[in-house]
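Read-outs throughout are calculated quantities, based only on the coordinates presented, and are distinct from any laboratory measurement. Given the structure is predicted, the values throughout are model-derived calculations rather than measurements. Please note: Cβ atoms are built from the backbone with ideal geometry, for glycine as well, and neighbour counts cover all protein chains shown.
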Amino acid sequence: MLDNQYFKKYLADHGADLSKHLDVGKLCTLEIDPNTFEAFAEMHRDEAVVKSWHPRPFLSAMGNEQAINANWIGYNKHNTTESNWGLDPAHNKELIDMIGSHNFKTMGIDPARTLVRLLEYMPGHCLPLHSDGLEGFKKLYRDTQPTRLFVAVSDWDWGHVLQLHDNVISNWSSGDTYVIPPNVFHASANFGIAPKYTLTITGVRQ
Amino acid sequence: MKLKHKIPEQRLDPRSAVPGEILEQYPWHWDPMKKDHDDASYFMHNIKDFDWKALGDWAIRKCNEHLTPQKYWWYDEQNDAVMHANDNVNNMPIREQALLALKNNTHNEHNSQYFKIANEEFGEYYKPLKKMFPNLREDKMGISLFVQPPGHTIWSHTDTYSSFIRRTDQSKADYSVLRRYMVFVRDWDFGHFFHYGNHCFNQWQAGDLWDLKPGIYHGSANAGINPKITIHWSGEIR
C-alpha cells in the first residue's frame, strides 16, 4: 500500500529515532495581536507564496530529497498546500515591524538578520515530517547558524498541532514561541475547521 | 491554489452543528482554551491480552489486496449533498458538522481518505473482537478498523453514529444508550495526531483503550510516513 522504504531509510540515515527523547520547552510568549497578522494575510492574499510539497530547483538537495520522499507516499497539493508571506523583502520588513522590537528582545533575535514568514494552513492540510533546510534565510544572509522559531499567532484551536520529534505541541496561546532545533524532524497538521496561522522566525541569536 | 470561497471572518462554532440531544445529554465545555478540563480522563487501560501487532499486520495486508481507501468525505456542490464516499449522508445527523468541514472549507476527498474494515470483514478476528466489550449488546454493535494513510485527516467532529444507524436500520439514534470505544492498534509514530477535546494524544501504545464518550469534539491526522491504525466498537450498552 505504502512504499515508505525510501522515507524510512532517509530518516534512519539522518538519525531520527523516536526511542530517544528530545526535551522541548516553550522559549517565551510574545506580545502580539493575532488580528493584525490575520488581517495582513487577507490584505496581501494575492501576493502570497502558495506552495505544496514537490521538488523545486532552488531547494537544497536535502529539501528536494524530502519532497520526493513525501510525494512518493501520497503528499501532494491536495494535502500540503501552504500560503506564506515574508519572502518578499517588503513583507519581511512589515512582519518584523508588526512583531516589534520588544518581542525580538524577548526572543534574543537580531531583527536586522531575520526572515519572518507568516504561514497559513487551511483545514485538511499538513506539513509532512521534515527537517528544515533554512534555504530562504541562507539565501538572504548566508549565516549558517541561524535559530528557527515557531510562534503561534492565534490562540490554539481544535485540530491545530505541531510535533517536534517525540513532543506534541498544542493548546498554545497566541505568541507562544518554541525553538525548532536544527536537524530535528517535525510535522504539523490542521484537521480542525479554522485556518491555522503561525510564524516561523529564522534569525541570529544576539 | 486559489480558494473557491472566502475565509470566514468570524470563528466557525462547531457546537452549533452538533445535534441538540447530544449537547443536552452530554454537556461539555466547548472551549478550546480551557486548561482545567478532564478530557484526558477517558483513557481506560491498555489491553494486553490481544495480539495487536498481528491485527495491524493483517489489516495492512487486507488493504494491500485492493489499494483503494473506501472512505473519504466530499461535498457535492451540484446536489448540495454531503457525501461519505458514495453515500449521500444528508439525512444523517453528521450533516451539519460535515458542512462546516466540507462546504466553503478545505477538507475534501483528496485529504480525508481512509481504509475501513468492518464487522464480518474481520474474518476470524470478528468473534474475539465482538467479545471484547461484553457491556455492548452483540446484536447492536458495529466494529470498524480505520487505516489512515499519510497526508489524510479525519476532521474534528463529535460522533453521531451515522454508520451504526445505517447498519442497524434505525431511523434515529438514542444517544443515551450508545457508546464508542477506541483502541490504537499500533504504537504512536512520527506525525500521528489525535485530539480528544482539549487533550492532544502523544506516544500512545498499541492496545491503549479510550472511552469515546459522546459529545466530545475530536479528530485525527497523519502527517507522518506510516499508516495510523485505530479500531472502534460502537453499540448499545446493555
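Scanning the range B:95-123 for residues that are assigned to a helix (DSSP H, G or I), surrounded by 16 or more Cβ atoms within 10 Å (Cβ to Cβ) and touching a strand residue (DSSP E or B) at 6+ places or on another chain (Cβ under 8 Å) yields B:Arg95, B:Gln97, B:Ala98, B:Leu99, B:Ala101, B:Leu102, B:Phe122.
Filter the range B:102-152 for residues that are over 16 Å from B:Thr68 (Cα atoms) and aliphatic (A, V, I, L, M); which is nearest to the other protein chains (Cβ to nearest Cβ)? Among those that are over 16 Å from B:Thr68 (Cα atoms) and aliphatic (A, V, I, L, M), it is B:Leu102. Among the residues of the range B:40-71, those identified as of a type in the set (Asp, Glu) and within 14 Å of another protein chain (Cβ to nearest Cβ) are B:Asp57, B:Glu65.
The residues listed here are B:Met132, B:Met141, B:Met92; of these, the one that is part of a loop (DSSP other than H, G, I, E, B), in contact with a helix residue (DSSP H, G or I) (Cβ under 8 Å, 6 or more places away or on another chain) and touching a residue at least 24 places away in the same chain (Cβ under 8 Å) is B:Met92. Go through (1) crowded, with 17+ Cβ neighbours inside 10 Å; (2) in contact with a Ser or Thr (Cβ under 8 Å, 6 or more places away or on another chain); (3) farther than 26 Å from A:Glu94 by Cβ for A:Lys77 and report which single condition fails. Failing condition for A:Lys77: (1).
Conditions (1) free of Cβ contacts under 8 Å to residues at least 12 places away in the same chain; (2) under 29 Å from B:Trp204 (Cα atoms), marked per residue:
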{"site": "B:Arg11", "(1), (2)": "yes, no"}
{"site": "B:Gly20", "(1), (2)": "yes, no"}
{"site": "B:Asp49", "(1), (2)": "yes, yes"}
{"site": "B:Trp58", "(1), (2)": "no, yes"}
{"site": "B:Tyr72", "(1), (2)": "no, yes"}
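A:Gly203 meets all of the listed conditions (1) among the small types (Gly, Ala, Ser); (2) part of a strand (DSSP E or B); (3) within 14 Å of chain B (Cβ to nearest Cβ) but one, namely (3).
So if I check each of A:Val179, A:Val168, which one is without any contact (Cβ under 8 Å) to a residue 24 or more places away in the chain, in a strand (DSSP E or B) and within 15 Å of the chain's Cα centre (by Cα)?
Just one listed residue meets the conditions, A:Val168.
In the range A:109-128, the count of residues that are over 30 Å from A:Trp72 (Cα atoms), buried (at least 21 other Cβ atoms within 10 Å of the Cβ) and more than 12 Å from the chain's Cα centre (by Cα) is one or more.
Cβ-Cβ distances below 8 Å connect the following pairs, each with a first residue in the range A:120-133 that is more than 7 Å from chain B (Cβ to nearest Cβ), a second residue that is assigned to a loop (DSSP other than H, G, I, E, B) and among the aromatic types (Phe, Trp, Tyr), and a separation of six or more residues or different chains: A:His130/A:Phe185; A:Ser131/A:Phe185.
Among the conditions (1) out of contact with any Phe, Trp or Tyr (no Cβ under 9 Å at 6 or more places or on another chain); (2) within 7 Å of chain B (Cβ to nearest Cβ), the only one that A:Ala187 does not satisfy is (1). Note on the range B:210-238: residues that are in contact with a helix residue (DSSP H, G or I) (Cβ under 6 Å, 6 or more places away or on another chain), away from every other protein chain (no Cβ under 14 Å) and in a strand (DSSP E or B) amount to 5. In the range A:121-167, what residues are among the acidic types (Asp, Glu), touching a Phe, Trp or Tyr at 6+ places or on another chain (Cβ under 8 Å) and over 25 Å from A:Ile68 (Cβ atoms)? Correct list: A:Asp143, A:Asp155. So in the range B:185-209, with the set limited to residues that are in a strand (DSSP E or B) and closer than 25 Å to B:Lys35 by Cβ, which one is farthest from the other protein chains (Cβ to nearest Cβ)? Filtering first and then ranking leaves B:Asp208.
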